[in-house]
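Q: Dumping the structure here so I can ask a few things about it.
The values are calculated or read from the model by the stated rules, or taken from the named source; none is laboratory data. Just so it is clear, the model here is predicted, and its values are computed rather than measured. Heads up, the Cβs are rebuilt from the backbone with ideal geometry, glycines too, and the neighbour counts pull from every protein chain shown.
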Amino acid sequence: MLGACSSQSKAEGANDSYILVKELEFLNQSLTKSDVNDMYVYRAQIKNNSNKTIKGINIDIELSDGNYTTISTYDTLLPGEISSYVECFGPSSGDIKDMKATKILITMIDESNKETVIKYDVEANRYEYEEGNELSSEKPKVLVSELEFVEPTIVISEETSAQTFQAILKNNSLYKVTGVVYTFELPNGMNSYFMSQDVLEPTKSSALISSTAPESGELSDLVLKEVQYTIINDNGTTVNVTYDKKLDIYSIK
């Protein structure tokens, strides 16, 4: 799908100080018909072949039947790394060749943790760049290390043989926390989401939580990518926190 982009002559505004579209590689592509609605679903992983860090990719796609769709990943991809699977609906023809990228946005993080959004217009064969701010080193009132998994285990269903990751989440901080979402990557390229909507009082624990487990049955194959949660202050105001494990950086809003 990106082959046509990377094979063109040098694009207007191309600057190899940033990531180029040709440095994105699509792997394990498939286009299969859904059992639910007869629509085709496109699935793939994206590899970062550059020497820069990627914080997100968004690709607008035109289909041969006149419809439009979008592929997005917000994975942090270090050089050489591969994203989790991304999905979107595909063309009614069932042919990947009938998917045409029209616009590509790449969020890049440089050595000083400064964001730059790279915009590539496929038809115009033109790059534009939008520089952002340096990522903050500020720490929130509640750190990820203050949220504890109690008795984490993998349970195998006797009926279906499906494996489930189960644990209780304990809040060891001094503040109330809610809306906790852990995103883990599994060895098969899929994500597992461990979520609690409970309001966790200081030193209190959640009910038992379950999420998808790796097929290996090994806890070590749950690779943490991101943690999101909301801190509730004593006056009732809230602070939304996102922790990026690879960058070891908190985003606080």
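Q: Take the conditions part of a loop (DSSP other than H, G, I, E, B), of a type in the set (S, T, N, Q) and surrounded by 14 or more Cβ atoms within 10 Å (Cβ to Cβ) and apply them to Ser173. Does it pass?
A: Judged against the criteria, Ser173 is a match.
Q: Output the residues belonging to the stretch 124-164 that are small (Gly, Ala, Ser), modelled with pLDDT under 95 and closer than 30 Å to Ser251 by Cβ.
A: Within the stretch 124-164, Gly132, Ser136, Ser137 meet the criteria.
Q: Going by the conditions given, is Glu25 closer than 17 Å to Asn191 by Cβ, out of contact with any Gly (no Cβ under 8 Å at 6 or more places or on another chain) and without any contact (Cβ under 8 Å) to a residue 40 or more places away in the chain?
A: Criteria not met by Glu25.
Q: Just the residues that are over 21 Å from the mean Cα position of the chain (by Cα) and in a strand (DSSP E or B), please, taken from the stretch 95-130.
A: Selection gives Met99, Lys100, Thr102, Asp121, Arg126, Tyr127, Glu128, Tyr129, Glu130.
Q: Now for a different question. Search the stretch 156-175 for residues that are among the aromatic types (Phe, Trp, Tyr) and pair each with any residue that is assigned to a loop (DSSP other than H, G, I, E, B) and at pLDDT 95 or above when their beta-carbon atoms are under 6 Å apart and the residues are at least 6 apart or on different chains.
A: Phe165/Ala213; Tyr175/Lys141; Tyr175/Val142
Q: Show the residue pairs meeting these rules: Cβ distance below 8 Å; 6+ apart or different chains; first residue within the stretch 108-124 and in the same structural domain as Lys52 (by TED's automatic domain parsing); second residue of a type in the set (Asp, Glu) and outside any strand (DSSP E or B).
A: Once the first residue is in the same structural domain as Lys52 (by TED's automatic domain parsing) and sits in the stretch 108-124, its partners that are of a type in the set (Asp, Glu) and outside any strand (DSSP E or B) give Thr116/Asp110.
Q: May I pose another question? Of the conditions (1) touching a Pro at 6+ places or on another chain (Cβ under 8 Å); (2) farther than 24 Å from Asn15 by Cα; (3) modelled with pLDDT of 95 or more, Asn67 clears all except one; give me its number.
A: (3)
Q: A follow-up question, please. Taking Asn133 as meeting all but one of (1) touching a residue at least 40 places away in the same chain (Cβ under 8 Å); (2) assigned to a strand (DSSP E or B), write down the number of the exception.
A: Every listed condition holds for Asn133 apart from (1).
Q: While we're here: Quick check, is Ala101 touching a Pro at 6+ places or on another chain (Cβ under 7 Å) and modelled with pLDDT of 95 or more?
A: Here the answer is no, as Ala101 does not meet what is asked.
Q: Another one. Tally time: how many residues in the stretch 182-213 are in a loop (DSSP other than H, G, I, E, B) and without any contact (Cβ under 8 Å) to a residue 60 or more places away in the chain?
A: Total meeting the criteria: 14.
Q: With respect to Gly179, determine if the residue is part of a strand (DSSP E or B) and either small (Gly, Ala, Ser) or modelled with pLDDT under 95 (or both).
A: yes
Q: Kindly provide the set of residues from the stretch 146-170 that are out of contact with any Lys or Arg (no Cβ under 8 Å at 6 or more places or on another chain), charged (D, E, K, R) and surrounded by 15 or more Cβ atoms within 10 Å (Cβ to Cβ), ordered by number.
A: Scanning the stretch 146-170 gives a single hit, Glu146.
Q: Please enumerate the residues belonging to the stretch 210-253 that are of a type in the set (Lys, Arg) and within 25 Å of Gln166 (Cα to Cα).
A: Those that are of a type in the set (Lys, Arg) and within 25 Å of Gln166 (Cα to Cα): Lys225, Lys245, Lys246.
Q: Which pairs have Cβ atoms under 6 Å, sit 6 or more apart or on different chains, and link a residue in the stretch 75-87 that is farther than 8 Å from Ile54 by Cβ to one that is loosely packed, with under 13 Cβ neighbours inside 10 Å and among the polar types (S, T, N, Q)?
A: Pro79/Asn51
Q: Being assigned by TED's automatic domain parsing to the domain that holds Lys97, modelled with pLDDT of 95 or more and closer than 30 Å to Tyr250 by Cβ is the requirement here; does Ile61 meet it?
A: Judged against the criteria, Ile61 is not a match.
Q: Return a yes/no flag: does the stretch 93-103 have any residue that is under 24 Å from Ser192 (Cα atoms) and either out of contact with any Cys (no Cβ under 6 Å at 6 or more places or on another chain) or of a type in the set (Lys, Arg) (or both).
A: No; the residues of the stretch 93-103 include none that is under 24 Å from Ser192 (Cα atoms) and either out of contact with any Cys (no Cβ under 6 Å at 6 or more places or on another chain) or of a type in the set (Lys, Arg) (or both).
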